[in-house]
Structure formats: C-alpha cells, structure tokens
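Below is one structure, written out as structure tokens; comments come after it.
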2 protein chains.
Amino acid sequence: MKSEKKQGRPRAFDAKTVIGRAREVFWDKGFSAASLDTLSAATKLNRPSLYGAFGDKEELYLDALEDYREDSMDVLSEALDPALPLRENLASVYARALKIYLHGDTAARGCFLISTATAEAIQHARIREVLGRSLNDFDDAIKERMELAVERGELPTDADPATLARLASAVMHSLAVRARAGDTRETLEALARSGVDLICGRK
Amino acid sequence: MKSEKKQGRPRAFDAKTVIGRAREVFWDKGFSAASLDTLSAATKLNRPSLYGAFGDKEELYLDALEDYREDSMDVLSEALDPALPLRENLASVYARALKIYLHGDTAARGCFLISTATAEAIQHARIREVLGRSLNDFDDAIKERMELAVERGELPTDADPATLARLASAVMHSLAVRARAGDTRETLEALARSGVDLICGRK
DNA sequence: CATATTTTATACCGTTTCGCATAAAAATCT
DNA sequence: AGATTTTTATGCGAAACGGTATAAAATATG
C-alpha cells in the first residue's frame, strides 16, 4: 500500500536549493565551462547524487534555466501591477531587472538566460527552445499589460500592444547584454529611462 | 642587412583566412565548447602552428572577436551612408544585421559578439573589455549619424543623439538574441521595422 | 529483526582537453 | 654549399573532463 514517506534512505538535500546553487555556477561560467567538479562542490552533492537526482549536466542546466524563467516571470508580474500606471510598471520592470543583472562577485552577471543560453543555442536544440520560449513568454506578459493600457487610454488606441511589448523587451535585452559587458549602473539606468520615455511617451 | 622576405620557412597560410575559419567554429560552439582539435581541423593548421601564430585559445578567440568587430563597423558605416535619409540608414543597419544573424547551417547564429562573448565575460576580463568596447563603438557610430540628423532637421532639435543611438542599438541587440533563439525572419523584420518607426517617427 | 529500497561516498574508467617537445622541412643568409 | 631561421608535422603527457561501478549508510516494510 502507499505511504506518505517513500522507502529508502531519505535525501539529505533540497532539490530546489541545489538547482539554485548550480544556477549560480552556470551563471558565472556558462554551461560549457562549468565543470561537474565545480557544480558538485557548489551544491555540496557528490556527482552520483547529482546524476541520480537531475540526470546529466545538460539536464541540470535545463532545470536551472527553467527555475530562472519561473523566477523571472514572477518578478515581471509583480512589476506589472495593474493598479499602477503603465509608465511606473515599465520603470519597475527595468529597475528589478537591473537589480538582478548588476549583482555579481567579480562582475555584473547580466541575464542568466541571455548571457549563457545564447552561447549553447546552436549546438543544443533543447536549450534553444527554452531560450526562445522564455523570450516569448516575457513578451506576452508585457503585451497583456499593453492591451490593458490601450483599453484604459494609457496608450493611444492605434498602438499595437504586441509590437510595443517586443520593443519594451528589446530594451531589457540590451540592458542584459550591456550589464554583462561592464556598463555602469548610471548608463544602464539612463537607457532604462529613455526606453520608458520612448514607449510610454516623454513625460 | 634587411631583406623584404623574412628568413626561415614561409607560412603556408594566410592569417586573416585562418582567423575567419576559427571565427566560424567559435560562432557555432562558443569559446569554451570549441576545442583546439576542432579549430585545428577547421583552419587546417596543426596545433603548434596555431600556437606559434596566434598564441593560446583565448588569444585566437580575441583575434576572432576583433576581426568581427572590424567587419561589423565596416558594415555599419556602409549602412549609415549620410547621402540617404536617416530612416533608410537605420532600416539598412537592421537589414544587414539580420542577413548576418540569420545565416547558419543548423540554426541562425545571431551576433558573434553577443552570442558567445557574453558567456565568457565574467571569467575573462579581456573578453569583457572587447565586448564592452565593441558595443560602445557601435553606439558611437550611430550617435554620429544621429547628430547629423539633428543638424539637418531629420530629427527634432531637442532629440538627444546619444540616447537615440543607444536605443537603436538596443533593438539590434534584441534582434541578435532573438535570432539565435530561433525567431523567424518575419518576426525579426517586424521588430526591425517597429524599431525604425519608434526612433525615426512613424512614417 | 531481516529484507528491500533509496541515497550517499569513494574510487575509478576511458576520453578529451590544452599545451608542448622534438624533429623534419623549407626558406634565407653568409 | 653550409649554416641559420622559421614553420610544419608527429606525437606525447599530464591534467581535467563527464559519467559510472561498487559498496556503505540510512530509511521503510513485513
């Protein structure tokens, strides 16, 4: 019969935590340059445990990507609070993004997806798929807010929500790349502001 | 005394050609995943020859980055022909970029710099420097054309050339990422058009 | 308490990695 | 022609790589 606890020796780790630690390694080094030794050390799991729980290196990386994607969507929907004006929403999206992108020990890490998944996208179809899907989901979430903005009159009636959403994302992609390239916070914040102005109209 | 030809056995290869072939490998696989065996095969040079001529793998990669940067700047300045209207210039920049980004055997390769250098930017300071410098040079070239546009009245007098240039670049960064993520040509061309509209004003 | 099941720990395996040592080959210089 | 210089070719070698075999440890089941 079934029992609550499953049989056998219990795991001495939390899968979510382990994926988070692995994500840090992948974020700094990229997929290819991250060795299983490093991942094993960072997660405090032996390699056999890593394999038993997550499969091979690519699957662990895909889990980390998926985890990041979910976190990002959560942050995005927080930022797009419909109780606030569109302009504030968009500014909040960029501010929250920059907070993440500018974090890092040796240098600003940028966006985990854009900075590391792009490099592998040609050779690993599954990584390319996650990357593409993530970008689209992001666009779609912003698009919904843009549609609401058109309904409410925050944007002109002839504005195309899908197009504006992709442009809003474009600014964020640029913030991601530039952060990792070493741009200063000031430069990036200025780009964010001008992006808001361009899309929402100058204040 | 000195002679035109230098002493010793002459090289059986052209350095520029070799860097170009290496660039193809790095572009598809990224820096870390590109092995010296693969590079040696693609360039048809033995590893000792590669080392003698270019140094280690990172230096060869930096040469490839620099080569790409120069090519890109050439393409950019062709596209920004001041004899043509700003709108056509910008459309041309994006069209030429997409032509490059959408090329590839198994999948669209995107931008060599953005797709592969970002991944290494944290661990390799020199790569980060080249990446940052390249993005800035690109912005600056567009900025110059924007300044001319303000002088000529193609843009309103209160338009800020530096800001507009960074936004124009932002759209291109997004094209680069999205191309590598598997977006269709149509989607990317639509983004390019809306970018032109947003920056130059809707036609 | 014995058995079954799952996770952990150690150690290992074959392969690939980067980089170089060594020597042959091809040119110029004296 | 012989010496010198530089490039090419072969192949090595130590280290790191991803992945796994094996056995001990820790739990649930009967």
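The values are calculated or read from the model by the stated rules, or taken from the named source; none is laboratory data. Computed from a predicted structure; not experimentally measured. FYI the Cβ positions are ideal-geometry reconstructions off the backbone, even for glycines, and counts take in every protein chain you see. Accessible surface is based on the protein model in full, side chains and every heavy atom, while ligands, DNA and RNA are left aside. Shrake-Rupley method; radii C 1.70, N 1.55, O 1.52, S 1.80 Å.
Exactly one condition in (1) within 14 Å of DNA strand C (Cβ to nearest atom); (2) modelled with pLDDT of 95 or more is false for A:Ala34; which is it?
It is condition (1) that A:Ala34 fails.
In this structure, does B:Ser115 turn out to be open to solvent by 20 Å² or more (accessible area, probe 1.4 Å), among the hydroxyl-bearing types (Ser, Thr, Tyr) and under 16 Å from B:Ser169 (Cα atoms)?
Criteria not met by B:Ser115.
Condition (residue is at the interface with chain A (Cβ under 10 Å from one of its Cβ atoms), open to solvent by 70 Å² or more (accessible area, probe 1.4 Å) and within 19 Å of the chain's Cα centre (by Cα)) applied to region B:157-172: is it met by at least one residue?
yes
Take the residues in region B:73-83 that are open to solvent by 20 Å² or more (accessible area, probe 1.4 Å) and small (Gly, Ala, Ser), then tell me which one is farthest from B:Glu24 (Cα to Cα).
B:Ala83
Please find, within region A:173-199, the residue that is most open to solvent (accessible area, probe 1.4 Å) out of those that are facing chain B (nearest Cβ under 7 Å) and hydroxyl-bearing (Ser, Thr, Tyr).
Result: A:Ser194.
Based on this model, can you work out whether A:Leu102 counts as within 21 Å of A:Val196 (Cβ to Cβ) and touching a Leu at 6+ places or on another chain (Cβ under 7 Å)?
no
Only one of (1) touching a residue at least 40 places away in the same chain (Cβ under 8 Å); (2) of a type outside the set (Lys, Arg); (3) facing chain A (nearest Cβ under 9 Å) is not met by B:Thr118, so which one is it?
Only one criterion is unmet by B:Thr118, namely (1).
If you go through region A:10-31 one residue at a time, how many are more than 14 Å from chain B (Cβ to nearest Cβ), near DNA strand D (Cβ under 10 Å from one of its atoms) and at pLDDT 95 or above?
0
Within region A:121-156, track down each residue that is of a type in the set (Val, Ile, Thr), in contact (Cβ under 8 Å) with a residue 40 or more places away in the chain and within 11 Å of chain B (Cβ to nearest Cβ).
Matches in region A:121-156: A:Ile127, A:Val130.
Quick one: in region B:1-31, which of the residues that are over 24 Å from B:Asp71 (Cβ atoms) and open to solvent by less than 90 Å² (accessible area, probe 1.4 Å) is nearest to DNA strand C (Cβ to nearest atom)?
B:Ser3
When residues of region B:51-72 are filtered for being part of a helix (DSSP H, G or I) and surrounded by fewer than 21 Cβ atoms within 10 Å (Cβ to Cβ), how many remain?
So the answer is 14.
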